[in-house]
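Single-structure report; data block below.
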Amino acid sequence: KGAKAGKYEAKLVELRASKPTDTDRVAAFKALGEAVLLGGEEGKSENAIEKYQEAIEKFEKASEVLPQADALNRLGRIYSNKGDYSKAEPLFIQALDIRRKILGDNHSDTALSLNGLATLYQDKGDYPKAEALFIQASDIFRKVLGEDHPYTGSSINNLANLYSNKGDYSKAEPLYLQALGIFRKVLGENSHDTANALNNLANLYSKKGDYSKAELLFIQAIDIFRKILGDNHPDTVNALNNLANLYYNKGDYSKAELLFIQAIDIFRKILGDNHPDTANALNNLANLYSNKGDYSKAELLHLQALDIRRKIFGDNHPSTASSINNLAGLYDMKGDFVKAEPLFIQALGIRRKIFGDNHPNTASSINSLAVLYYNKGDFVKAELLFIQAIDIFRKILGDNHPDTARSIDNLAGLYDRKGEYSKAEPLYIQALDIRRKILGDNHPSTTNSINNLASLYYGKGDYAKAEALLFQALDTYHKVLGSNNPIITNSINNLAILYSSKKDYEKAVKYRQEANDAREVELTRNLFLGSERQKQLYLQLYAYETDIALSLHVQPAPTNPLAKQLALTQILR
């Protein structure tokens, strides 16, 4: 789509330039046409920037202010896509000023400039500015073009995207539905805009944990893209990738894995190895393997995605920072803190440079680094960073957002581990309330909160409350994540520890055996690849489980044959 559109736009400016005119005007349109073509090609953004700058300069000489505004707007989009927002913003503002001066406030081109500037502010995390501009653009489109126009639909869709990113799902949903209604009425069911609107609405339902609604809409969008664009088109494959993410979020890893691999194969075929969409698909598959506990495969894919993003974008780009952060997160999960820490710090440095301190991506990096220090047992550093992340999330996203809840839950976990239960309990409950409100009961994040609260009651010696919550969490995990997941193994292990503390050794041995069998599958996967050092670090994460099995046999259950068998099996493994 992008290449065809680029050639079409280039032909238009060529035709305009063919009219009798002065030298500067001809040269300006020629440079603009070349820039449009270069901007649609991967790895040619620097060449496109030079041509746009040349066109802007020559349009100014020829007093062609409206084409100059168009070139400014296009150049702003290139810098914005590169993550260079400080260069993009003045270009968007200059283009908007020209259009306002020449065309007035109530013109569709002025509204398009407002929309571009709003998108920039959204990417920067300045949601109040973005919201005001999106609303302004939408009002102009309605006034000038009417309710039933694709531009009006697109502007409503953009505002819905903003609310979705803010976690304000109740505002986003009716706007997505409104935009979808406009596209269906004006363009029909089988249009690109209709498919995009279905895809966006599906993403919203997926975020809310309403997977059944989301799945139907994703499949509808894929069917339309296939019908109008074919199987081997980036938009079709991106929709497949979104459906794979849905299955991943549901914990249906077998379906997700097949679709992620399919997406990667098609992206490589049509776009090549060194393309952002290929890197995104590799990154998604890596995250899936990481959550399955298959760290060896995850590491290889994260490294591939990072290499592609560095090659395309360089180091100082949001996508590169995400890859670095994801790789660091993997090493953190494996217990390789020496590798993880400098990568988390590097990702945080890039995000601070691009977004500043008050941005959700910066806060996510701070939260990730805090988790690392928590895992290392450096609670002083971890506490400061968790509080810092919560403050940023609250400031930018508000209280009722999944990211705010995540950081609150993490801080509660820190106090829980320190034995400061009076601080931990209200924070766990606060995080659980937020997640129930925005994600519902049957969502993995809500279940994590229940599991964590159970851990707190166990620590306080309130075994009755802990037991009820652990079973509630385990039941939902099985429902949502399936059986072969490290989270479920941890949950079963928690039940074994609880029953051992209650001196119910028969149940303790039963759940300890169940957890060991599940862990054996996980260890077999993850010890296949990697250096000896990495394997040793990974094994150290679960060394305490061997100690639990041995102590269960030696101390409380010395005559229990199952406990004896469990201890011997654990030693052999």
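Sparsely packed loop sites in the range 444-495 (the trypsin sites (Lys or Arg not before Pro) outside DSSP H, G, I, E and B with at most 12 other Cβ atoms within 10 Å) do not occur. Listed by chain and number, the lysines whose C-alpha is less than 22 Å from the C-alpha of LYS503, apart from same-chain residues fewer than 8 away, are LYS460, LYS465, LYS564.
Here LYS213 is the anchor, and the aspartates and glutamates within straight C-alpha reach of less than 20 Å, apart from those fewer than 8 places off in the same chain, are ASP168, GLU173, GLU189, ASP193, ASP223, ASP252, ASP441. For GLU420, GLU54, the sequence from fewest to most other C-beta atoms within 10 Å is GLU420, GLU54.
In this structure, the pairs whose alpha-carbon distance is over 30 Å, taken from LYS292/LYS510; LYS129/LYS339; LYS185/LYS255; LYS58/LYS353; LYS353/LYS437; LYS381/LYS507, are LYS129/LYS339; LYS185/LYS255; LYS58/LYS353; LYS353/LYS437; LYS381/LYS507.
Report the extension gain between ASN375 and GLU520 in nm, rounded to one decimal, defined as 0.36 nm multiplied by the number of residues separating them, less their alpha carbon distance. Provide the component values of the computation, followed by the final result.
Values: separation 145, 0.36 × 145 = 52.20 nm, distance 2.27 nm.
Extra length available between ASN375 and GLU520 comes to 49.9 nm.
FYI, it's all coordinate maths here, none of it is from the lab. Keep in mind it's a predicted model, so treat the numbers as computed, not measured. Quick reminder, even Gly has a Cβ in these numbers, built from the backbone with ideal geometry, and neighbours come from all protein chains shown.
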